[in-house]
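Here the structure is laid out as structure tokens; the discussion comes afterwards.
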2 protein chains.
Amino acid sequence: MQAEERQKRIEEHLAKVEFASLDELSELMDASVSTVRRDLDIMAGKGGVARTHGGARLVNPKSDEFTFSARDTHQLAEKEAIGRACAELIEPNQTVIVDAGTTCYHVARHLEAKGPQVVTNSLPVANLLAGSNKLEVVVSGGVIYPRLGVLVGPLAVEGFSKIRADAAILSCGGITLEGISNSHGLLIEMQRAMLAASRKIIFCIDSTKFGRQSITRLCDLDVIDVIVTDKGAPADLVRALRKKGIEVIVAAVA
Amino acid sequence: MQAEERQKRIEEHLAKVEFASLDELSELMDASVSTVRRDLDIMAGKGGVARTHGGARLVNPKSDEFTFSARDTHQLAEKEAIGRACAELIEPNQTVIVDAGTTCYHVARHLEAKGPQVVTNSLPVANLLAGSNKLEVVVSGGVIYPRLGVLVGPLAVEGFSKIRADAAILSCGGITLEGISNSHGLLIEMQRAMLAASRKIIFCIDSTKFGRQSITRLCDLDVIDVIVTDKGAPADLVRALRKKGIEVIVAAVA
DNA sequence: AAAGATATTGAAAGATTTTGCAAGAAATCA
DNA sequence: TGATTTCTTGCAAAATCTTTCAATATCTTT
């Protein structure tokens, strides 16, 4: 087997099990431990996986909202439902900011029919909507954050500071009663700019994010107008959010 | 079996299995390993597949992306040659502006090895290079011009006004002794901004553009440092350009 | 159709890369 | 601490790549 193929299979295996020992991988790949070790060193250099003594683990757990892949089938039905429900909140001919992340990507898939103007810093979203002749797509500038296909940095922040939108559709790494948090500092900067540019703030948060906290704090709950989630969201937290005046929409899987 | 047929079958096989070894392909095609190796080299040059040690893999089949440029096979070999020759003009770790257009797209395919910083307003180029971890890709902001996947408009122009690059790689709709011209007013604006931001101006112009004029005038010839073209370029015009002090590189088809 | 030119193919030799192994160093665990 | 596991390093074997060359096939020209 070739090195690249082996590495891809290692990555796929890690996506399933999170942790794997060298012996385990060696046996699975039918290669010596040395070879697996070298593969992991290469993969660790590129990011994505991290070495541990005796094995490796995935750097970004699979539930991380921002490890983007259009093929990501994790909780696909739920994300699809959230996407559809969220798109319904948008009225025709509005200007909408769409964040990066798989959940927001699914929202974008339903936005074309609305014919609004869409502003995004996500390459996948831009690609998705570029072919449409019903809506105008504005891309923020910025540096490509490689693995995720997100535009970040000063140019991106500046791009959003220049516009006003009717609504912003965001996602995040975690939500608790203390507020919203996310995993990458660069993304936080972007999202702050999006929040500042929009009249209505909509968060699309699948149920696995409830009660979790990511490394960086984004904002308080009171800036949020609407949260769209799926059935798995814990009832007590949903109740508490509603008591705070936030409209919480639980999207039903079709 | 014909070379083309073999290559097509290799591509089809790779579409199924994603990775294939040389031996595997050799057996499947009933051809020697040497021949398969040569086929793969050619195919890798054109894109679509990538070599690995001992085999080949399908280049990321990102279904949703803008790959229209790659599919444009009009004068493919010439554009490919121009792309390779043009990329050789870039020195390691330079900042390069890459324009939209199919010819520039082929230049971008050869830029990864150079490891520079790339600035572009082309979504296809951005997508192409997004996966690379060797170079940093900066995307100008702007509105997506649908058919071409180019970012245009004030945000885009502004993005370029903020940067300085070592070189700009541009294409155009036509070149005569009176100057360079292009077809869309919006693109002209962008290109003016690119010209202003760069120290060295390189135009990639396939031979069919020589002696032609498009609707809008972009610039005089004297802002140009280098022109890269293919063998079909009329000799008298090439001579005249050289007399004006422009370095004209005629790329040989491999 | 024949002769020469050109292109393609398969094979072989030498260079390069990858792989597996083993010994000593470093880290982990009881 | 001592015992065990894992890591690093160096090295030789195997696989693969590059280059070259002769044989074959294809194209051009007459």
**OP:** Starting from the range A:20-45, take each residue that is within 14 Å of chain B (Cβ to nearest Cβ) and list its partners that are part of a loop (DSSP other than H, G, I, E, B) and more than 9 Å from DNA strand C (Cβ to nearest atom), counting only C-beta distances under 9 angstrom and pairs at least six apart or across chains.
**Re:** A:Ala44/A:Val59; A:Gly45/B:Asn133
Subject >> Scope the range A:155-189; condition of a type outside the set (A, V, I, L, M) and either touching a His at 6+ places or on another chain (Cβ under 9 Å) or facing chain B (nearest Cβ under 9 Å) (or both); matching residues >> reply: A:Glu158, A:Gly159, A:Lys162, A:Gly173
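Tally up the residues in the range A:1-31 that are farther than 23 Å from B:Arg51 by Cα and not in a helix (DSSP H, G or I), please. Even if it seems obvious, please write down each step before you answer.
First, pick out the residues of the range A:1-31 that are farther than 23 Å from B:Arg51 by Cα: A:13-28.
Add one more test, that the residue is not in a helix (DSSP H, G or I), and what stays is A:18-21.
Final tally of qualifying residues: 4.
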Original post:
Tally time: how many residues in the range A:95-121 are within 11 Å of chain B (Cβ to nearest Cβ) and within 15 Å of the chain's Cα centre (by Cα)?
Top reply: 5
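Laboratory data are not the source of any read-out in this text; all were calculated from the coordinates shown. A quick note: this is a predicted structure, and the numbers were derived from the prediction, not measured. Neighbour counts are summed over all protein chains in view; Cβ atoms, including those assigned to glycine, are modelled from backbone coordinates with ideal geometry.
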